[in-house]
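Note sheet for the following structure.
The values are calculated or read from the model by the stated rules, or taken from the named source; none is laboratory data. Note that this is a predicted model, so its numbers are computed, not measured. Don't worry about glycine lacking a Cβ; one is built from the backbone with ideal geometry, like all the others, and counts go over all protein chains shown. Protein only, heavy atoms only, side chains kept; ligands, DNA and RNA dropped before computing areas. Shrake-Rupley method; radii C 1.70, N 1.55, O 1.52, S 1.80 Å.
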Amino acid sequence: MQTTSPPIRQGTFWPEFLRGMKTSLPLLIAFVPFGLLLGSRAVQKGFSIVEVPLLTGLNFAGGSEFAAVGLWSIPPAILLLAGVTFLINSRHILMGATLAPHLRHLPRWKIFLLLFFMCDEVWALTLADLHDRPGCRFSTGFYGGITVCLYLCWLIFTFMGGYTGNLLGDMTRYGVDMAFPAVFIMLLKGMWKGARNALPWCVSLGVAVLVYHLLPGAWYVPAGTLAGIITALLVVRGA
């Protein structure tokens with residue numbers, strides 16, 4: 001028997017939007033220093049202060065942006081940049097697939113718009129919210145609140161980093177490079193469902209570390225992702 005998702009009450013978009021904004025606020029602490037760092041590095045590589053927000057606004061994925069800036073040259077190696085960006089961002093294909101069952105009630109244009117703004121943090125917070133509220137339909141307002149906060153913060157502070165250029169110096173000496181790992185540890189804590197369900201995380205981490213040391217480039221990203229998914233499928237079947 002086919003079940004339908006519970007209806008969304010009218011007039012709940014803005015309360016849900018505000019709830020998403022509040023949920024995203026702790027993550028802004030990590031976005032600010034990394035945005036400044038990326039913008040500063042981009043300008044040092046030859047980007048203009050206009051091109052920096054174009055880079056971060058059209059490709060809302062910090063990992064691939066740092067990789068692209070690191071590999072940037074004049075003239076740019078387009079195929080190399082595109083290949084590395086695809087490898088690092090390939091995880092978004094699988095992340096989007098996990099959200100797809102929750103988006104079926106939406107028009108296709110809206111699904112594509114939502115997925116365009118999906119980054120790791122938006123995905124993790126949205127998925128955790130769906131797990132914490134079993135039986136509830138995907139909240140466009142909650143997703144939008146998270147996205148607007150994080151997207152605008154990233155856009156603004158990468159621009160500011162580009163505008164200030166070399167004034168900030170090497171920000172890694174202040175330990176800001178630990179901000180994103182700290183964020184992901186916090187996200188994992190929120191998604192913790194017991195030791196058995198953590199097995200795919202451990203396998204994914206182990207495979208990613210192994211591939212990172214054995215193969216050049218960003219192959220560790222899809223390798224770790226696929227290893228985690230396969231392990232999760234085996235765990236579900238063996239349950």
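Numbers for the structure displayed
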{"read-out": "Accessible surface, the stretch 25-137, averaged per residue in Å² (probe 1.4 Å)", "value": "49 Å²"}
{"read-out": "Accessible area of the stretch 81-133 belonging to carbon and sulfur atoms, whole % at 1.4 Å probe", "value": "71 percent"}
{"read-out": "Computed label-point distance, nm, for sites ALA195 and LEU113 using a 7 Å Cα→Cβ extension", "value": "4.7 nm"}
{"read-out": "The stretch 1-126, relative contact order in percent, only Cα pairs under 8 angstrom and at least six apart counted", "value": "19 percent"}
{"read-out": "LYS22 paired with ILE74, simple spin-label distance in nm, labels 7 Å along Cα-to-beta-carbon", "value": "5.0 nm"}
{"read-out": "Low-density loop cleavage sites - trypsin sites (Lys or Arg not before Pro) in the stretch 66-123, where at most 13 other Cβ are within 10 Å (DSSP)", "value": "ARG104"}
{"read-out": "Whole-number Å³ per residue for the convex hull built on Cα positions in the stretch 13-80", "value": "106 Å³"}
{"read-out": "Computed accessible area, HIS92, all protein chains, 1.4 angstrom probe, square angstrom", "value": "30 Å²"}
{"read-out": "Net charge contributed by nearby residues that have their C-beta within less than 9 Å of SER139 (K/R +1, D/E -1)", "value": "+1"}
